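Notes follow the structure.
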Amino acid sequence: MSTVRCLKFLSLLLAISAPVFAAPDGLALLKAGKANDALQALNARIQTNPNDAAAYNLIARVNYQLERWDEAISAAEKAVALDPQKSEYHQWLGRVYGEKADTVGKLHPISAMSLVRKVKAEFEKAVMLDAAGSNPSARADLAEFYLEAPSIMGGDKTKARLLADFVMTRDPALGHYLYGMAYDKQNAKDKAEQEYKAAIEASRNQARYWVSLASFYRKAGRLDDMEAAVSRALSARHEGGIALFDGASLLLEAGRNFAGAIQMLRQYLSLNDSAEDGPAFQAHYKLGALLEKQGDRQAALSEYHSASAMAPQYRPAQDALVRLSR
């Protein structure tokens, strides 16, 4: 199952489009890549106010980036319990349930099925609580679920289309993106490509939509087109530097142009303007992975150490350090 991260771009996009609804301390620390400091600051808030739902929500989001799904679920459930009328809190709870389901799916399919039902329930609750449509990302998450999940688990292509139609009235670029996902799921690749390109046009050439097109090309095995789209993202209109992070991630995953990906991540880190879904500790880890693939062991170790210092709980960096220290 890949209801939440079938394309990392969508998670990035939703984080950008979702409204900010908490004090900036923990969130700013997370964006800066200082996961450990963020957790300390947020736990201090809870010590002062045990009913701080926003702090629990942010703890869930920090753990989400750390890939600590059980801790993320515990905090997200607490946020929902303290403030059950907040659309965004249900949305984040659905996301972390989805990641947990993805993790346990192969070994524990029954548990995964139970979690998938919770994903659906939380995303639908998030949409129900957003009758005014001020949180279009909730509908985008639910549309993605309907597209990704099998019908026996609540997948519904018709409902996904209706959600995309609604989003289209609020955010045409995001609407075209969702149409592209829908056509992609129907194996209508030409129409999907047209919609992803329409999203770029509707967004007035925003870089993140070029990255979404690159993601589509990667899944389709069109790696030259993927590289070209990543290059176009670099010269497109940016909102922060997240397209650098995401484009480098695509190149790393596809095994293409490691030198270019290294340059993109170094530029991203130099901006000191990391995004929530591209925290600096992950950028350092990915940079280490790229350097390791190029045979630069010492430089890779340095990046893994940087990631681990910022986020001691981030298991991929710890595993990399152990591997290279043998």
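What to note about this one:
- Pairs, first under 10 Å from residue 72 (Cα atoms) in segment 88-104, second in a helix (DSSP H, G or I) and β-branched (Val, Ile, Thr), C-beta under 7 Å, six or more apart: 93/80; 96/73; 97/73; 97/119; 100/73
- Single residue of segment 142-158 satisfying the filter (part of a helix (DSSP H, G or I) and small (Gly, Ala, Ser)) that is farthest from the chain's Cα centre (by Cα): 151
- Hits in segment 55-87 - residues which are surrounded by 18 or more Cβ atoms within 10 Å (Cβ to Cβ) and polar (S, T, N, Q): 57, 63, 65, 87
- Just one of the numbered conditions (1) part of a loop (DSSP other than H, G, I, E, B); (2) free of Cβ contacts under 8 Å to residues at least 24 places away in the same chain; (3) of a type in the set (Lys, Arg) is not true of residue 161: (1).
- Residues satisfying the stated conditions in segment 309-326, i.e. closer than 18 Å to residue 33 by Cβ and either assigned to a loop (DSSP other than H, G, I, E, B) or in contact (Cβ under 8 Å) with a residue 24 or more places away in the chain (or both): 310, 311, 312, 313, 314, 315, 316, 317, 320
- Residue match in segment 186-208 (condition: touching an Asp or Glu at 6+ places or on another chain (Cβ under 6 Å) and not aliphatic (A, V, I, L, M)): no
- For residue 127: the one exception among (1) in a helix (DSSP H, G or I); (2) farther than 29 Å from residue 204 by Cα; (3) not hydroxyl-bearing (Ser, Thr, Tyr): (2)
Residues checked against (1) touching a Ser or Thr at 6+ places or on another chain (Cβ under 8 Å); (2) loosely packed, with under 15 Cβ neighbours inside 10 Å; (3) over 17 Å from residue 211 (Cβ atoms):
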| position | (1), (2), (3) |
| --- | --- |
| 256 | no, no, no |
| 267 | no, yes, no |
| 286 | yes, no, no |
| 292 | no, no, yes |
| 298 | no, yes, yes |
| 305 | no, no, yes |
| 311 | no, no, yes |
| 315 | no, yes, yes |
| 321 | yes, no, yes |
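- Count of segment 272-292 residues which are under 22 Å from residue 243 (Cα atoms) and assigned to a helix (DSSP H, G or I): 12
- Within the set 261, 229, the sole residue that is closer than 15 Å to residue 196 by Cα, at pLDDT 95 or above and assigned to a helix (DSSP H, G or I) turns out to be 229.
- Taking the listed residues 78, 120, the one that is among the charged types (D, E, K, R), at pLDDT 95 or above, within 21 Å of residue 160 (Cα to Cα) and part of a helix (DSSP H, G or I) is 120, with no other qualifying.
- Any pair with Cβ under 7 angstrom, 6 or more apart, that starts in segment 226-248 at a residue that is buried (at least 24 other Cβ atoms within 10 Å of the Cβ) and ends at one that is among the charged types (D, E, K, R) and not in a loop (DSSP other than H, G, I, E, B): 226/218; 242/208; 243/208; 246/8; 248/286
- Any hit, segment 236-250, residues being more than 23 Å from residue 28 (Cα to Cα) and part of a helix (DSSP H, G or I): yes
- If you go through segment 182-210 and pick out every residue that is of a type in the set (Lys, Arg), part of a helix (DSSP H, G or I) and farther than 17 Å from residue 143 by Cβ, you end up with 3.
The values are calculated or read from the model by the stated rules, or taken from the named source; none is laboratory data. Treat the numbers as computed from the prediction; the structure is a model and nothing was measured. Neighbour counts run over all protein chains shown; Cβ positions are idealised from the backbone, glycine included.
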